[in-house]
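Participant: Below is the structure I would like to discuss, written out as structure tokens.
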Amino acid sequence: MLLHIENAAQDFGPILEAASKADAIIFGAPTYMGDVSGVFKVFADATSAVFATGGWKDKLAAGFTNSHSFAGDKGHALDSLTILAAQHGMNWINLGIPSPAVTAAERGPDTLNRAGSFIGLAAQSDNASPETTPPAGDRESARLLGERVAKAALRWTQGADAVLTKAA
């Protein structure tokens, strides 16, 4: 389910409630000025209500960011998403796609994980319509991240009630 943050003044209650019911949360925010956008930061601050109750403890998390430039300090934005998840006691799922085994000059728009990020997806978009940007490789990397998190959530929840037993 996609939970869309419209603006910093919106009521985040319904988003927090829906996210709390999920087995996993993939955080996504554009990178602006080297970090997550201000609107996402307002949302992150609003999660303190969930933090106070431990509502997302042991939930799975992952993240992605997108900006116009190839670098743009997207790593810092992904760090912010990771720290948010860690503060909630969540378990972070990394991208799981190796960096391209070709030179940067050979990385075309269809290349998976073309930015070479491991902690999460670092996508790049041009100032064009969403039908053409981010390019196919970034969109497929996003799909694969979603699939990875969904599979991890299935494994996590199927074994969630298992009890550790002391070895005899």
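Participant: Among the DSSP beta bridges whose two residues both lie in the range 31-152, what percent are antiparallel, rounded to the nearest 5?
Facilitator: Expressed as a percentage, antiparallel bridges in the range 31-152 total about 25.
Participant: Another question about this same structure. State in Å² the accessible area per residue of the range 7-79; use a 1.4 Å probe, count heavy atoms of protein chains only, and round to the nearest integer.
Facilitator: Per-residue value: 50 Å².
Participant: Now a separate question. Out of residues 5 or more away from Asn113 or on other chains, whose amide H comes under 5 Å of its own, with H placed 1.01 Å from N in the peptide plane?
Facilitator: Excluding prolines and chain starts, which carry no amide H, the hits are Ser141.
Participant: Take the range 71-133, compute every pairwise Cα distance, and split them into 5 Å bins from 0; I just need the percent in each bin.
Facilitator: Values per bin, smallest distances first: 4, 16, 21, 21, 19, 11, 6, 2.
Participant: To the nearest 10 square angstrom, what accessible area does Thr132 show with a 1.4 Å probe?
Facilitator: Thr132 exposes around 90 Å² with every protein chain in place.
Participant: Something else: For the chain, with all protein chains present and a 1.4 Å probe, just round the carbon and sulfur fraction of the accessible area to a whole percent.
Facilitator: 59
Participant: Sticking with this structure for a sec: Considering the chain as a Gaussian network with a 10 Å cut-off on Cα pairs, which listed residue, Leu78, Leu16, Leu121, attains the greatest mean-square fluctuation?
Facilitator: Leu16
Participant: Can you give the Rg and Dmax of the chain based on its C-alpha atoms, in angstrom?
Facilitator: 17.0, 63
Participant: So for the range 1-92, what are the equivalent ellipsoid semi-axes in whole Å, largest first, each being the square root of 5 times an eigenvalue of the Cα gyration tensor?
Facilitator: For the range 1-92, the ellipsoid semi-axes come out as 21, 15, 11 Å.
Participant: Let me ask something additional. Note down the accessible area of Lys57, probe 1.4 Å, to the nearest 10 Å².
Facilitator: Surface open to solvent at Lys57 totals about 130 Å².
Participant: On to the next question. Non-local amide H neighbours of Gly28 (under 5 Å, H modeled in plane, Pro and chain starts lacking H): which ones?
Facilitator: Phe64
Participant: Ordering Ile15, Ile5 by how much accessible area each has at a 1.4 Å probe, largest first, what is the list?
Facilitator: Result, largest first: Ile5, Ile15.
Participant: What is the extension gain from Ala22 to Thr53, computed as 0.36 nm multiplied by their sequence separation minus the C-alpha to C-alpha distance, in nm to one decimal?
Facilitator: 9.6 nm
Participant: Ranked by accessible surface with a 1.4 Å probe, highest first, in what order do His88, His76 come?
Facilitator: Highest to lowest solvent-accessible surface, that is His76, His88.
Participant: Rolling a 1.4 angstrom probe over the protein chains, ignoring ligands and nucleic acids, what is the accessible area of Leu2 in square angstrom, nearest 10?
Facilitator: Here the residue's solvent-accessible area equals roughly 150 Å².
The values are calculated or read from the model by the stated rules, or taken from the named source; none is laboratory data. The shown structure was predicted, so the numbers you read here are calculated from the model rather than taken from an experiment. Only protein heavy atoms, including side chains, enter the accessible area calculation; ligands, DNA and RNA are left aside. Shrake-Rupley method; radii C 1.70, N 1.55, O 1.52, S 1.80 Å.
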